[in-house]
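Here the structure comes first, spelled out in structure tokens, and everything after it is commentary.
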Amino acid sequence: MPNTKNLKRYYMRDRKIPSLILSTIGNKEIIHGTTALNAHLPKWLDRQTDDIDVFSSTPKKDARQAERLLDRQFGFDAFALKPALHEGTTKVYSKVTGRGLADFTKPDKRPPSKKIKGKRYVTLSYINKTAKKTLKDKESAFRHAKDKDSIQRIKTFRKFNKNTRKKKK
């Protein structure tokens, strides 16, 4: 258990964790999941996310890089790695809270992506397609509410953009 000084430092800085993890993401990695969805959508359609999901050809190495940066920034050994539920995925988690912060996964094939503010994110159509595919899979029932919500947010965004373009003419 960390000492009181380290705990205070952790909780004073924990809001910086997502931006620190994102700072370790290079040009070859692709961000997916809710973080990618939020990058494509306007703020009013953002959804809260607990972690950052990253496709990487070297997941263990990239997860280790993020974990080491976090430990350096927080000034003590507050973070660690562990294998995630899905094979080929390495999870960065907080030793203080036990919370998962990032999942680095080796994809079967490189998904389509778009560069937004210097980072690569999977495309909206890829998010939509994978969400619909997951909804058809009965074993993924635990994800269905999230995926239905993602599809609805994408529909709302596309409808809003369509109406906005018509008004500009």
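Note on segment 73-167: no enclosed strands (runs of 3 or more DSSP E) hold 2 or more residues that are basic (Lys, Arg), loosely packed, with under 14 Cβ neighbours inside 10 Å and at pLDDT below 95. Among all positions in segment 38-50, there is no residue which is touching a strand residue (DSSP E or B) at 6+ places or on another chain (Cβ under 7 Å), without any contact (Cβ under 8 Å) to a residue 24 or more places away in the chain and among the aliphatic types (A, V, I, L, M). Only residues that are within 19 Å of Phe104 (Cβ to Cβ), in contact with a helix residue (DSSP H, G or I) (Cβ under 7 Å, 6 or more places away or on another chain) and not hydrophobic (A, V, I, L, M, F, W, C) were counted across segment 115-142, and they come to 2. Flag: Val54 does not match the condition of being under 21 Å from Pro2 (Cα atoms) and in contact with a Phe, Trp or Tyr (Cβ under 9 Å, 6 or more places away or on another chain). Restricting Ile25, Ile31 to residues that are among the β-branched types (Val, Ile, Thr) and not in a loop (DSSP other than H, G, I, E, B) narrows the list to Ile31. Does Thr49 count as of a type outside the set (Lys, Arg), under 13 Å from the mean Cα position of the chain (by Cα), assigned to a loop (DSSP other than H, G, I, E, B) and surrounded by 12 or more Cβ atoms within 10 Å (Cβ to Cβ)? Yes; evaluated as a whole, the condition is true for this residue.
The values are calculated or read from the model by the stated rules, or taken from the named source; none is laboratory data. Just so we're clear, the structure is a prediction, and the values are computed from it rather than from any experiment. Positions of Cβ are backbone-derived with ideal geometry, glycine not excepted, and every protein chain shown enters the neighbour counts.
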